[in-house]
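*Asks:* Questions regarding the structure given below will be posed in turn.
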Amino acid sequence: MAGRIRALVTALALGVAPAGLGVVTAGNAAAVDGGRGMPGFCPDDNGVTVVVDFRELGGSTIVRCAPGGQATGLKALKNAGFRIAGTLRWGEGFICRIEEKPSPRSESCSDTPPASAYWSYWHAPNNGQWKYSEWGVANRTPPAGSFEGWSFSLNRGENGAPAPRVAPRRPSAPAPEPPRPPAPGSDSRPQPRPGDAQQPPAGPPRGNGGNGGGRSGDTGPGDGQEKPGNPGTAGGSSQPGAGASGEPERPGGGTAPSGSAPSASAAPGSGSSGTPSPAAGATEERTPGPRDTPTEAADWTGGDDSGKRVSADAPGTSSVGHSGGSGGVPTGTIVVAAAAAALAATASLTAWRRKRAARGDGAP
Amino acid sequence: MTAVRPVVLSRALHPGAWWLWALGLATAAGRTSNPLLLVLLVAAAGCVVVRRRGDNPWALAFPMYLALGAFIVVSRVVFRVVFGGGQGDHVLFTLPEVPLPEWAAGVRLFGPVAAEQVLGGVYDGLRLAAMVVCVGAANALANPKRMLKALPGALHEIGTAVVVALTMAPQLVESVQRVRRARALRGGRQRGMRALRGIAVPVLEDALNRSLALAAAMASHGYGRTGTAAPRARRVTGALVIGGLLGVCAGLYGVLGSDTPPWLGVPLLLGGLGLAVAGFVLGGLRVRRSTYRPDRWRAAEFLVAGSGIATGVLLYVSARADAAVLHPSLSPLTWPEAAPLPVAAILLGALPAWLAPPPPVPAAAREAVA
């Protein structure tokens, strides 16, 4: 018995070993992630645009681009720079968390999340309609230039998952990276998001930024789909009614954005990437061009935790601020591992002594 | 070995105490996927088993449970490697991917193997393995025959059947050994399938003869009598018990299902439990048994059961307070960390190794344990 127990201990130790290995790499990983993808829509069809709509989780929508061809939806999500977590049971074949949401407190991610609160997976061609994916995230290859959507579905029943509120439409005027004129973004928001930059054409004057903000209000489920306009692209300012109506001036984009701004734009969380969020709102498609600066203005006013990633908007890097750095093995880990080893050693020793005692008994 | 005489007299604990302890530990294992905590938990359970098991046949089965746990972990990892290709960023090595036809597009075989995949399998497997080991610990520590004595009186017929079955297994093994010895003495040389016929027939015949003998002995001792209860009373009791258990099943379904109407859950479960208990009580009234050497529930039993339950409860509490520690992140890969509360909870579960009274075993073994 002792022998077997000892073997087991060895096996456990071996099992733990890979963890160490992983850890070592973790540091790098974080660094790498930070540089992945770029904020905003993909400028052309060499890349897959990934839209994440947090909905009830707070933070609004985030649009990022995974440049180049993507083998699977999972790769696209990661290469766009999003941090994800799969489930313990199925690994990353089932996305449980995106950007730390939902938090571990409300969702342990040990098993498949319930149908009442999960990340729904969508895809769409450019200028098309969002379609609920019938494929798993690791089993679908997104075509170049297409859109991948992630929308959190909370208490919506089996067939009620809401489409992302950003229309799958690339800004038609893909200016590579025009310096944005006024650089308004920068001051008000720390995040200049390059994404915006891309769609410069429309003149700054355009109010579209504003409209983006406008819609912000509605979180209505599903609205996303119909409305084509995404802020960035479609200037859609048209809708007065909705939100921003009033101000064409990019509330979101320019000044307002900073959290305080009443305008919808405030969406804190999303900030980093050029989120088009307003897009949803913007019903009409305006012509492309407008700057999406406002994008960030997510619709989601309420975003409580704007959180972490906000700061970084800077292009790629920060947007999704990965907290990386793992220095070495935490002390607590070592202590507990030592305690486990001590317990196991005690058990092995006792088992060995019992075995020897039993043999001694039998021998005579 | 210094023979430190235990202050507490050695005795076998009430089997129920060991089962409560083990179920508490298993509950704790189910609440975490942190490999550190799970390994600690398995070590704690193993420590208690080694120090407090008896020398009965079932007490020697614990290594089998450890082996089963290892098998679970390995099979989870293999499963991840075979079907989980393409996940994770830290690729350890790459296996050639098997191309599959279009209709199998949802399945993917092999491909790059990442650290996240392997670790995910280890974490997931360790959790199940830890629960299996906990149950194995209870099996090794608790005497199943004495456990049967704790059955409610209404179930005493079932209990009798189970005792007979439990007794038959060792008898069958012994019967096989006897027949093989006899064959060897007679110079039987067949092996494999041909030898099987020569062994199986005598063993079955032997088992049948023994069963008949046992049945006759039990009948002569009064087992199987229906007592003085009227047929109608028996039917009422049976209906109550069966109806109650059906209610419990439906109620559990209602509680666990997400789409079932609320009235189907807790009310039905409680109602079913009530019915079943009433049936047991009614049925127990008509059975009068005397108990030979009853297992008493004393301080040590409270201590053992309490430590296991405390482990489960504390881990449940810490799952509320700090879920991130109990479910370490795999992406990004991080070291599993341990918080003081869950660690203390698990160490609490290891206390019976020292605090429970030692088992009644030969002196030499007792010295080894002490």
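The values are calculated or read from the model by the stated rules, or taken from the named source; none is laboratory data. Keep in mind the model is a prediction, meaning the values are calculated, not measured. Virtual Cβ from ideal backbone geometry, glycine too; neighbours counted across all protein chains shown.
*Asks:* Just checking, which of B:Ala105, B:Ala169, B:Ala140 is at pLDDT 70 or above and of a type outside the set (Val, Ile, Thr)?
*Replies:* B:Ala140 is the lone residue from the list that is at pLDDT 70 or above and of a type outside the set (Val, Ile, Thr).
*Asks:* Additional query: What is the residue count in segment B:70-88 for residues that are assigned to a helix (DSSP H, G or I) and either of a type in the set (D, E, K, R) or at the interface with another protein chain (Cβ under 8 Å from one of its Cβ atoms) (or both)?
*Replies:* Counting residues in segment B:70-88 that are assigned to a helix (DSSP H, G or I) and either of a type in the set (D, E, K, R) or at the interface with another protein chain (Cβ under 8 Å from one of its Cβ atoms) (or both) gives 4.
*Asks:* While we're here: From the residues in segment B:354-366 that are assigned to a helix (DSSP H, G or I) and within 13 Å of chain A (Cβ to nearest Cβ), which one is surrounded by the most Cβ atoms within 10 Å (Cβ to Cβ)?
*Replies:* By that ranking, first place goes to B:Ala365.
*Asks:* What do you reckon, is A:Ile84 crowded, with 23+ Cβ neighbours inside 10 Å and either within 14 Å of chain B (Cβ to nearest Cβ) or touching a strand residue (DSSP E or B) at 6+ places or on another chain (Cβ under 8 Å) (or both)?
*Replies:* No; evaluated as a whole, the condition is false for this residue.
*Asks:* Give the residues of segment B:29-50 that are more than 7 Å from chain A (Cβ to nearest Cβ) and not in a helix (DSSP H, G or I), sorted by residue number.
*Replies:* B:Arg31, B:Thr32, B:Asn34
*Asks:* Show the residue pairs that are 6+ apart or on different chains and have beta-carbon atoms under 6 Å apart, the first residue being within segment A:347-361 and touching a residue at least 60 places away in the same chain (Cβ under 8 Å), the second being part of a helix (DSSP H, G or I) and among the charged types (D, E, K, R).
*Replies:* Correct list of pairs: A:Ser348/A:Arg6.
*Asks:* For residues that are surrounded by 19 or more Cβ atoms within 10 Å (Cβ to Cβ) and not polar (S, T, N, Q), tally how many sit in segment A:119-148.
*Replies:* The qualifying residues number 13.
*Asks:* Could you tell me whether A:Ile84 is within 17 Å of the chain's Cα centre (by Cα) and either in contact (Cβ under 8 Å) with a residue 40 or more places away in the chain or farther than 27 Å from B:Leu92 by Cβ (or both)?
*Replies:* Taking the combined requirement at face value, the residue does not satisfy it.
*Asks:* Here's another thing I want to ask about it. Just give me the residues in segment A:87-113 being assigned to a loop (DSSP other than H, G, I, E, B), within 7 Å of chain B (Cβ to nearest Cβ) and free of Cβ contacts under 8 Å to residues at least 24 places away in the same chain, in sequence order.
*Replies:* A:Leu88, A:Arg89, A:Pro104, A:Arg105, A:Ser108, A:Ser110, listed by residue number.
*Asks:* Sticking with this structure for a sec: Name the helices (runs of 4 or more DSSP H) wholly inside segment B:297-353 in which the number of residues that are surrounded by 18 or more Cβ atoms within 10 Å (Cβ to Cβ) and away from every other protein chain (no Cβ under 14 Å) is 2 or more.
*Replies:* Counting at least 2 such residues, we get B:299-321.
*Asks:* Something else: Exactly one of these conditions fails for B:Pro261: (1) modelled with pLDDT of 80 or more; (2) within 30 Å of A:Arg156 (Cβ to Cβ). Give me its number.
*Replies:* (1)
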